[in-house]
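So the structure is just underneath, and the comments pick up after that.
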Amino acid sequence: MIDQPRRERMLNVPAVVVALLAALALIQAIFALVLSPEQKTEFLLLFAFIPARYDPGVQPDIVWPGGTAADLWTFVSYALIHGDVAHLALNGVWLLAFCSPVARRFGAARFLAFMAATAAAGASAHLVTHFGELLPMVGASASISGAMAAAMRFAFQRGGPLGLWRDGEDAYRVPAASLAASLRDTRVLAFLLVWFGINLLFGLSGIWMPGVEQAVAWEAHIGGFLAGLLAFAVFDPVPPGTDPGPDPASTAR
């Protein structure tokens, strides 16, 4: 029998990424259209990441909603909230572009765990650099930055998603380059130079990013990016240095 060419979906977005985008949009709609101003403040106190929570010297008479549990979950929950529709739309574009290949490689459960871990890393970096600050931090940028770093570990590999010769799903299962090998790849180095350059530009110059009404939390971006780069192997289901093997669909007759 003659093999029929496989047809790629026009928008090849994993279901987990679609679900995550839908959840972000729903949260934004509730925050913007349903909650009263007082409820919005309570919501941010409960779910946004606020460094002052962890500094007992800042207004010690404040009783933070959620107590100790919120001290923990806000390291992740802040990433589900956005300042406005423009902020969500900007992050949504980057999420589609960089989280889709990572989700296709990791699978839904590993992908969500990875996004939570990089969000926590971004919050940790923000806490260290803004300890005691009352301004809440929101947005998925730290997690998306982690996904950028993760995608960089395999996207440039031969047969990978950015390769000239790639084969559907197999492109997302090519063995990843080691961290040392990645840092010797001129394409990776160029990506790192541009990425860090843009974040330092917005962070150190005080320039505000379009679609974001407050200063960019660039330290959180860097924290998430470094976590994605360094912890990639912990979440990667493809063993290093092995052939990913044929896609079962490619051998069907």
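Things to note:
- So Leu162, is it over 23 Å from Leu26 (Cα atoms) and open to solvent by 30 Å² or more (accessible area, probe 1.4 Å): yes
- Number of the exception - Trp64 against (1) under 18 Å from Leu127 (Cα atoms); (2) without any contact (Cβ under 8 Å) to a residue 24 or more places away in the chain; (3) exposed (fewer than 15 other Cβ atoms within 10 Å of the Cβ): (3)
- Close contacts from segment 76-100, counting a first residue that is aromatic (Phe, Trp, Tyr) and a second that is in a helix (DSSP H, G or I) and surrounded by 15 or more Cβ atoms within 10 Å (Cβ to Cβ), with Cβ to Cβ under 7 Å and a gap of 6+ residues or different chains, come to Tyr78/Phe47; Tyr78/Ala123; Trp94/Ile144; Phe98/Ile144; Phe98/Ala147; Phe98/Met148; Phe98/Ala151.
- Ser143 vs. criteria open to solvent by less than 10 Å² (accessible area, probe 1.4 Å), among the small types (Gly, Ala, Ser), at pLDDT below 95 and touching a Leu at 6+ places or on another chain (Cβ under 9 Å): no
- Residue in segment 177-186 that is open to solvent by 40 Å² or more (accessible area, probe 1.4 Å), hydroxyl-bearing (Ser, Thr, Tyr) and free of Cβ contacts under 8 Å to residues at least 60 places away in the same chain present: yes
- Among residues of segment 41-60, those that are touching a residue at least 12 places away in the same chain (Cβ under 8 Å) and within 19 Å of Ser124 (Cβ to Cβ), counted: 10
- Unmet criterion (only one of (1) hydrophobic (A, V, I, L, M, F, W, C); (2) within 25 Å of Glu219 (Cα to Cα); (3) over 11 Å from the mean Cα position of the chain (by Cα); (4) surrounded by fewer than 24 Cβ atoms within 10 Å (Cβ to Cβ)) for Phe154: (4)
The values are calculated or read from the model by the stated rules, or taken from the named source; none is laboratory data. Worth saying up front: this structure is predicted, and the values here are computed from it rather than measured. Glycine also receives a Cβ, built like all others from the backbone with ideal geometry; neighbour counts cover every protein chain displayed. For accessibility, only protein heavy atoms count, side chains too; no ligands or nucleic acids. Shrake-Rupley method; radii C 1.70, N 1.55, O 1.52, S 1.80 Å.
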